[in-house]
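> Have a look at this one.
None of the figures in this text is laboratory data; all of them are computed from the coordinates on show. Keep in mind it's a predicted model, so treat the numbers as computed, not measured. Because the Cβ atoms are built from the backbone with ideal geometry, glycine has one as well, and the counts that use them run over all protein chains shown.
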């Protein structure tokens, strides 16, 4: 990897200031960014580590909302997000234990990898992405593969998840990378069901609105029997064709509904 | 260059590093602690696992500068000063938990981290925990058996392979 200047501020304000420089890049846990830099697919002049900002770490539940600091690791979410069991379970299956001890929820959401797990949880939960300047609804935040509503130098300081009545995440592993070949997060709230799909689409994480309508009428896997996802916008690669992924979206959604009960 | 200082295996260690210097590089090339192996350099294989403030991490995917001020433990810290192996290391020897030995430092450090959190893991839990540790000799069976033995479980019914 090319060399860079490294800084590790202890407050959000200092980090925002450090990110003002051209080609400066925020560093979460580095579990994606450092491998990317080793491949020379990214070469920031300055890395601003967010790992020293105590205010951005931790999990707390209050009034039906689970708030997770942007710098909280997957391992900590797995251990401490018991108020939202489906989310804790999702976090406990990201990468491997050593990766979970470094990788952060803010880093994952800022990167918005089309096969990452967290985007599906945030979108299915109607989460709010909190940054140093504003709050962004998940429906407005995800804007396609590796693309989000974040501006240059904007930092995810926290994510707020409304806690659902029932939820489940089902991940079909891509056997080599262990990322989601297709992952479906189903969350049932008093005002309706939300279904978000990761890993499958060329356009990144998306809501499967037909499934949501069907599940709003009847929250049972059978409600999805006649629904099909169009293969046209699915990812097709050596790990699975467009048609295969489209089929898996239906299968994993049914499994998630069954498991959520 | 940045000055970093940390505790490595109970002793103070410091050095001047570039921003891009990985913890694995600092341990191996600056401190001469070559027990930490770099197998893939892409965060997949786990041969480089060390403990940073008690947590297992892949030392090829954390900057040395990020570990400034941390308490780092490597494979070199696992045996006693007189060379007596710890329970996990001894179990790997007793149950033939290594073949070529390249992945072993990472396997042992992951196993020690697992047993700290889960003192009596099931076979399934061990296999799940080792998802990020690859043994290219494919000797997983005896690695899992060794970790079960190190946790004090009876492995006499598990076939030797």
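> Please find, in a Gaussian network model of chain A (springs between Cα atoms separated by less than 10 Å), the residue of A:122, A:42, A:166 whose mean-square fluctuation is greatest.
Taking springs between Cα atoms under 10 Å, the residue moving most is A:42.
> Which of A:38, A:57, A:228 moves most in a GNM of chain A, Cα contacts under 10 Å?
Among A:38, A:57, A:228, the largest GNM mean-square fluctuation belongs to A:38.
> Could you tell me which of rounded, prolate or oblate describes region A:137-261, using a ≥ b ≥ c as the square roots of the eigenvalues of the alpha-carbon gyration tensor, with rounded for a/c under 1.5 and, failing that, prolate when a/b is larger than b/c and oblate otherwise? Write out the running numbers ahead of the final one.
On the way: a/c = 1.75, a/b = 1.08, b/c = 1.62.
Oblate, because a/c is 1.5 or more while a/b does not exceed b/c.
> Continuing with the same structure: Counting pairwise Cα distances across region A:5-49, what percent come out greater than 12 angstrom? Mind showing how you got there, number by number?
Values: 570 of 990 pairs.
Pairs farther apart than 12 Å: 58 percent.
> Going by how many other Cβ atoms sit within 10 Å of their own, how do A:141, A:189, A:169, A:2 line up, fewest first?
On the way: A:141 23, A:189 17, A:169 28, A:2 12.
With the sparsest Cβ surroundings first, the list reads A:2, A:189, A:141, A:169.
> Still on this structure: Taking the Cβ of each residue in A:27, A:50, A:173 as the centre, tally the other Cβ atoms inside 10 Å and list the residues starting with the fewest.
Details: A:27 24, A:50 27, A:173 14.
Fewest-to-most Cβ neighbours within 10 Å comes out as A:173, A:27, A:50.
> What's the angle, to the nearest 10 degrees (0 to 90), between helix A:242-260's Cα axis and the longest principal axis of chain A?
80 degrees
> Would you mind getting me the FRET efficiency between residue A:83 and residue B:82? Use the beta-carbon distance for r and R0 = 45 Å, nearest 0.05.
According to the calculation, E is roughly 0.40.
> Please tell me the relative contact order of region A:1-145 in percent, rounded to the nearest whole number, where contacts are Cα pairs under 8 Å and at least six residues apart.
Details: 233 pairs, mean separation 27.2, N = 145.
Computed over region A:1-145, the figure is 19 percent.
> Suppose only helical runs count, i.e. DSSP H with n ≥ 4. What mean residue ellipticity at 222 nm does that imply for the protein assembly as shown under -39500 (n - 2.57) per run, divided by all residues and rounded to the nearest 500 deg cm²/dmol?
Taken over the protein assembly as shown, the calculation gives -7500 deg cm²/dmol.
> Over all directions, average the projected area of the Cα convex hull of chain B and note it in nm². Could you put the intermediate results ahead of the total?
Numbers: hull surface 36.1 nm².
Taking the Cα atoms of chain B, their convex hull projects to 9.0 nm² on average.
> I've got another one for you. Quick one: the Cα spread of chain A along its three principal axes, in angstroms, biggest first?
Projected onto its principal axes, the Cα set of chain A covers 55, 45, 31 Å.
> What ranking do B:100, B:137 get, fewest neighbouring Cβ atoms within 10 angstrom at the top?
Numbers: B:100 10, B:137 13.
Fewest to most other Cβ atoms nearby, the residues stand as B:100, B:137.
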